[in-house]
Amino acid sequence: MTRPLWLDVDCSRTRLREFFKSHGLRPSVVLICVISGAMLWAGLVAELNFEREYIIESERQDNDNLARVFEEHVARTVRAAEITLREIASEYRRDGGKFDLVHYAKDGGIYLDPYNILGISDENGNAVMASVPVFKPANYRDNDNNQYHARHDTRELFIGTPRIGTNTGKWTVYLSVRINKADGSFGGIAILGMDPAYFSKIYAELDLGKDATVTLIGRDGVTRARSSGAGVTAGDNMAGTPLFTRYLPAADHGNFIDAGSADKIKRISSYRALKDYPLVVLVGTSMAVALADYDKRRSTLLQAASGLTVVILCLGLFALFQIARSERESGQRRRGERLFRALADGSPVGIFRADAAGKSVYVNARWCEIAGTRPEAALGDGWASALHPDDRERVFGEWTAAANNRQPFLSEHRIRRPDGSITWVVAQARAETDPQGKVLGYVGTATDITERKRTEQALMEGERRYRELFEINPHPMYVHDLETLRFLAVNEAAVAQYGYSHQEFFGMTVKDIWPPEDVAVSMERLKSLPAGLVSGRFRRHRKKDGTFIEVEITSNTLEFMGHHTRIVLAIDVTERRRAEAARDQLATIVENANDAIFSRALDGIITSWNAGAERMFGYSAAEAIGRPAAFNLAPGRQSNLAQNTEIILRGEAIAPLESQRLTKDGRVIDVLTTLSPIRDSAGNVVAGSAILHDITALKEAEAELKRRTEIAQLLESLARTANEATNAETAMRDCLARICEYGGWVIGRLGIYGEQSDETVFPERSFWYSVDTSRYDEFMRASLDSRFYHPSGRFISRLLREKRPVWFSPVDGLTSTGRMAVAARQGLHCAFAFPVVLRDKVVAVLEFFAEEERPADTLLMENITNVSSQLARLVERGRAEETTARLAAIVENVNDAIVSCALDGTVLSWNPGAERMLGYTAAEMVGHNLSVVASKEELERHTARLLRGDVLPPFEVVRSTKNGRQIHLQISLSPIRGTAGNITAIASILSDTTERKRAEELQRASEVRVRELLRRLVEAQEGERRRFAADLHDVVGQNLSALEIELQRLRGAPPSGNGRNAGATLDNMARIVQDTTNSVRETIADLRPALLDDYGVFVAIEGYASRIERLTGLHISVQGNAPESRLPPRMELALFRMVQEALMNAVKHAAASRVTVELSRVGDVLRLCVEDDGKGIACSTPGLQRAGGWGIEFMSERAEALGGTLRVESPGVGTRVMVEIPLGNSNHPG
């Protein structure tokens, strides 16, 4: 039978009441705790749900905005690509195969950044052209772009699926438009490849968070571009995703939450379909990333709520148990009193009780034992007598303070026992109160801490000794925190060793004294150190000055100042380690040494013989072992053998001593012998060892060192001589003498080469040094004779080629005819020379000769180059001084004015050119302000620009000379810098440009004149054309009109008319034609006379003069002779035009009756003179010029064009026009 539910509930309630009652709990307290916990959790859940929904909604809105921006970006990108494709298709339809797509892409303005390739394929899918220069022919008939356009005759853009480009080799999205032929049929496509990454390029710098994606999808479900943390991909099929199956069919834009089909990551996604193109943009951000901060906050809040719940439960339980406790205490107090005395009597510590006034009412046996008194003696105030007199006042004060403040009493003090001994105790007491808080009394304990005090005293003493040991320890010690690695303590030795002060150490960590490259390894080592003492570790440390030392580390863990630390002893063993390394190396060297090392028994018999001994003495081990140790001592050395043996037997080492030994082949060699005892494990001397070092080479080295010292002294003397010399020549002559004296050279020579001596080995000048020059007179004469020098020689010629010291000994074989052959005949068998080289050119040679043969002194040859360099610097200094002198001479003699002035404008120097140009002497200007050249304001402005570092271009000014004459000046300003590089003065170069200015003005006037002449020439040409037109109209035109009338009359006459009238008409017509012909001939003659081309200028002038004479009645006389050879055509034409112009002026303006024209040659000058007896020319000629069509001006220009001159003279009656042209002038035409 089933038990009723109400019965179970009732039983549960009964059991709960029994539980509360048995534990003294109160149901109301439990109910309050449960309600508080429930309210806490309900509010937390509601807050978390609201916050989660708010975050998701915000992420949706952000993604919607990003999708809208991405949609606009894609639309603009595709639209730009479509425009480009339509332009390419249009160009191709217009130009066909002539269309250069590569040139169009590069120079036609197409922005190719987003495009991988541009191309065109024909109707068969064959690639026709592409924008890349290297083009792989291919057929695209089967790709989706070509198939789409072949099937659909539409203008719309087609966006293909991504694929790897044939030409580019990269993922590419192909966009294309159809190209129709002229008849409308399919003619191919214009195609454009785009990098998929470009579509999502604008999000490259945006941090959308981990696992975020930006995707461009076609309406066919295939991705054109997908950008994510893994990079940019394309070609994935998303047709089966919820976007295409659920959301896109419902709306063109929206958002949703779904897991990705590829990576299964749940994302908050927003999508938008493009209006004009079959594309969809999708922006998705990881839901986990979006809620990451929320999840952290949720976890924190849940933990906090859990903690609060536990706190509420704990508070409830605490309250319940406190209530239960208060009820139990009344019963337990009585039992406790009984237990107190039982426990107190058996307690190991002293226990006492006192009333509210502090008077003792009870002490246990242990307290009496500690104080050395009886219980009754301690009651009342008796306990106070046990206190040590020195502590009594303090203890009373502490007791009173604790009682007044209702605080527990705690005190460490001494008790003096009746026998005088001292016991240290720690006394504690607490007040006993009733439920109302009234103090009923005190109960306390007294614990004997005498042993602890002794231990503490010992510890304090130990700590004091430790601190003293730490501070005064001669070895560096420091304490560092194991967590932060900061220094907590350092001793003076550490400060001295590392170079940091205490304050600097306390701001550092131990990583600061580790080498940077060892930090990572040192951290791992530190972490792996065991607790406790660790020693024998060697590390590298860095000092403040950056140097590194090797230290031996001994460390131990230590609790210091509340920190878990490690105390470190860091002994600098750099030198010791070097010594150990050296010792180890020495042991290896000794093991394999070339020195002779052998051992001998106490009786002096050799027991071992190393390879070094075999090599040194020539005796094998078999030959030496068993023989006495002194068997190969040199004679006279045996006397010390017995004495040395006695010293070794005493266990003493013998200081190294020098001796001599015989080798097997009888040679005597110098050795340095070291004798030492050999001990067994018990320390007894059982044998002796000897190390013999061959010091024969050392002896020779000592001699070499002595020679090096002498050479160093020589070089020092030579360097001092070079530094103290006033000029290079003196220094080189002194060096020649010193080297001869040092080396014992019997003769030396200094040969000096000039700056232009590149092609010769023969010096310009020579200086000799010898104690007996007469002895080597023949050699000196040969040295001064250029015939004894050969460019291919092996001594001086070689030195000049190689530019380094040479040494020959003997010199006999160098040459049979040259200078060295002469030297050999005179007993000179060793030659040494070194060059003085300046800027890779030998400027001097010092050579030395000795009678004996000598091996090459390489030490001297190596070091003599230093002296050569010093001498070269002296030569360079001398040449610099010469250059400075030459520059000063140039400044003194140059025509330009060169002036220097201080920064305030005070003149410092004033050259003769300035005196000549401006008229002021140097005495008048030096020390005065430069106001003659520039005003104060100009000087300040230019000085400021120079001080700023500006480069001032030359500028032009007008200034007055001392005599008041105005001149044009071009001024160039330059800074003068001191040795420190700062600007100390200003140099000015003034060039007189007055003549140049005048020439420029003349040039400008000439240009104006030319322009005016051109204008006049145009006017003259127009006038000539008008005259020509008038002549044609007045003569030719009238005659032709008359001829036309006669012809009409002749045509209108009856056929049977009078024959006489017809003949008269024809005669009249013939006359008219003849007149017309003559008029045309005259006009042609005026324009270009045929006589000029056929017979020359003189005949043309005669013909023209005859014609003018015939027309005007003016008497014209042409005199002179025709030139022997024809003149250049342009000159003949110019002369004819000038005569023509002069005669026309005489006819029109002069009212003359006679004109003389004379053409003659006087030397190399052709002279033309036209003279009339007319009324002459008035003072003002413009009227004449205009009347003659600017005739005289044109005549002058024609003469100047031929390099000649025109002169017009009118003494009052008559006019003479004179033209002179130099026939040899290069300016004349032809």
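Just to be sure, is PHE767 aromatic (Phe, Trp, Tyr), assigned by TED's automatic domain parsing to the domain that holds MET732 and buried (at least 20 other Cβ atoms within 10 Å of the Cβ)?
Values: aromatic (Phe, Trp, Tyr): yes; assigned by TED's automatic domain parsing to the domain that holds MET732: yes; buried (at least 20 other Cβ atoms within 10 Å of the Cβ): no.
No; evaluated as a whole, the condition is false for this residue.
Could you give every pair whose Cβ atoms fall below 7 Å, whose first residue belongs to the stretch 346-360 and is in the same structural domain as ALA384 (by TED's automatic domain parsing) and among the polar types (S, T, N, Q), and whose second residue is assigned to a loop (DSSP other than H, G, I, E, B) and surrounded by fewer than 17 Cβ atoms within 10 Å (Cβ to Cβ), counting only separations of at least 6 or pairs across chains?
Within 7 Å, the pairs are SER360/LEU379.
Given (1) modelled with pLDDT of 85 or more; (2) within 40 Å of the chain's Cα centre (by Cα), where does TYR111 come up short, assuming only one miss?
(1)
With the requirement that a residue be assigned to a strand (DSSP E or B) and either in contact with a Phe, Trp or Tyr (Cβ under 6 Å, 6 or more places away or on another chain) or surrounded by 14 or more Cβ atoms within 10 Å (Cβ to Cβ) (or both), what does the stretch 440-452 give you?
Residues satisfying the conditions are GLY441, TYR442, VAL443, GLY444, THR445, ALA446, THR447, ASP448.
Modelled with pLDDT under 85 and over 23 Å from MET287 (Cα atoms): which single residue out of ALA182, ALA230 fits that description? Give the steps one after another, and end with the answer.
Details: ALA230 fails: over 23 Å from MET287 (Cα atoms).
When all the criteria are applied, what remains is ALA182.
Return the pair list, or none, for Cβ contacts closer than 6 Å from residues in the stretch 174-191 that are aromatic (Phe, Trp, Tyr) to residues that are surrounded by fewer than 17 Cβ atoms within 10 Å (Cβ to Cβ), at least 6 apart or on different chains.
Pairs found: PHE186/ALA150.
Quickly run through the stretch 905-918 and pick out the residues that are surrounded by fewer than 17 Cβ atoms within 10 Å (Cβ to Cβ) and either at pLDDT below 85 or touching an Asp or Glu at 6+ places or on another chain (Cβ under 9 Å) (or both).
PRO912
With THR574, THR607, THR565 as the choices, which residue is farther than 20 Å from ARG667 by Cα, among the polar types (S, T, N, Q) and without any contact (Cβ under 8 Å) to a residue 60 or more places away in the chain?
THR574
Would you tally the residues in the stretch 215-246 being farther than 16 Å from THR161 by Cα and either charged (D, E, K, R) or over 41 Å from the mean Cα position of the chain (by Cα) (or both)? I'd like the intermediate steps shown before the answer.
Quick first cut of the stretch 215-246, residues farther than 16 Å from THR161 by Cα only: 227-231, 240-246.
Applying the additional criterion that residues be either charged (D, E, K, R) or over 41 Å from the mean Cα position of the chain (by Cα) (or both) yields 240-246.
Selection size over the stretch 215-246: 7.
Is it true that GLY618 is surrounded by 13 or more Cβ atoms within 10 Å (Cβ to Cβ) and at positive phi? Steps first, please.
Working: surrounded by 13 or more Cβ atoms within 10 Å (Cβ to Cβ): yes; at positive phi: yes.
Yes; evaluated as a whole, the condition is true for this residue.
Going by the structure shown, is PHE538 within 44 Å of the chain's Cα centre (by Cα), in the same structural domain as GLU471 (by TED's automatic domain parsing), over 25 Å from SER501 (Cβ atoms) and not aliphatic (A, V, I, L, M)? Give the steps one after another, and end with the answer.
On the way: within 44 Å of the chain's Cα centre (by Cα): yes; in the same structural domain as GLU471 (by TED's automatic domain parsing): yes; over 25 Å from SER501 (Cβ atoms): yes; not aliphatic (A, V, I, L, M): yes.
Criteria met by PHE538.
Yes/no per residue for (1) modelled with pLDDT under 85; (2) of a type outside the set (Asp, Glu); (3) touching a strand residue (DSSP E or B) at 6+ places or on another chain (Cβ under 7 Å):
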site: LEU315; (1), (2), (3): yes, yes, no
site: GLU327; (1), (2), (3): yes, no, no
site: ARG334; (1), (2), (3): yes, yes, no
site: PHE352; (1), (2), (3): no, yes, yes
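Looking at (1) modelled with pLDDT of 85 or more; (2) not assigned by TED's automatic domain parsing to the domain that holds TYR920, which one does LEU1014 not meet, given that it meets all the others?
(1)
Which one is surrounded by the fewest Cβ atoms within 10 Å (Cβ to Cβ), of the residues in the stretch 264-318 that are polar (S, T, N, Q) and touching a residue at least 12 places away in the same chain (Cβ under 8 Å)?
Pass one, the stretch 264-318, residues polar (S, T, N, Q): 269-270, 285-286, 299-300, 303, 306, 309.
Checking the rest, the ones that are also touching a residue at least 12 places away in the same chain (Cβ under 8 Å) come to 269-270, 285-286, 309.
Numbers: SER269: 25, SER270: 24, THR285: 23, SER286: 22, THR309: 16.
Once the filter is applied, the top-ranked residue is THR309.
Go through the residues of the stretch 812-834 one by one and say whether even a single one is at pLDDT 85 or above, touching a Cys at 6+ places or on another chain (Cβ under 7 Å) and aromatic (Phe, Trp, Tyr).
Among the residues of the stretch 812-834, not one is at pLDDT 85 or above, touching a Cys at 6+ places or on another chain (Cβ under 7 Å) and aromatic (Phe, Trp, Tyr), which makes the answer no.
Quick one: would you say THR709 is surrounded by 17 or more Cβ atoms within 10 Å (Cβ to Cβ), assigned to a helix (DSSP H, G or I) and free of Cβ contacts under 8 Å to residues at least 40 places away in the same chain? Please lay out each step first, then the result.
Numbers: surrounded by 17 or more Cβ atoms within 10 Å (Cβ to Cβ): no; assigned to a helix (DSSP H, G or I): yes; free of Cβ contacts under 8 Å to residues at least 40 places away in the same chain: yes.
No.
The values are calculated or read from the model by the stated rules, or taken from the named source; none is laboratory data. Computed from a prediction, not measured in an experiment: that's the story for all the values here. FYI the Cβ positions are ideal-geometry reconstructions off the backbone, even for glycines, and counts take in every protein chain you see.
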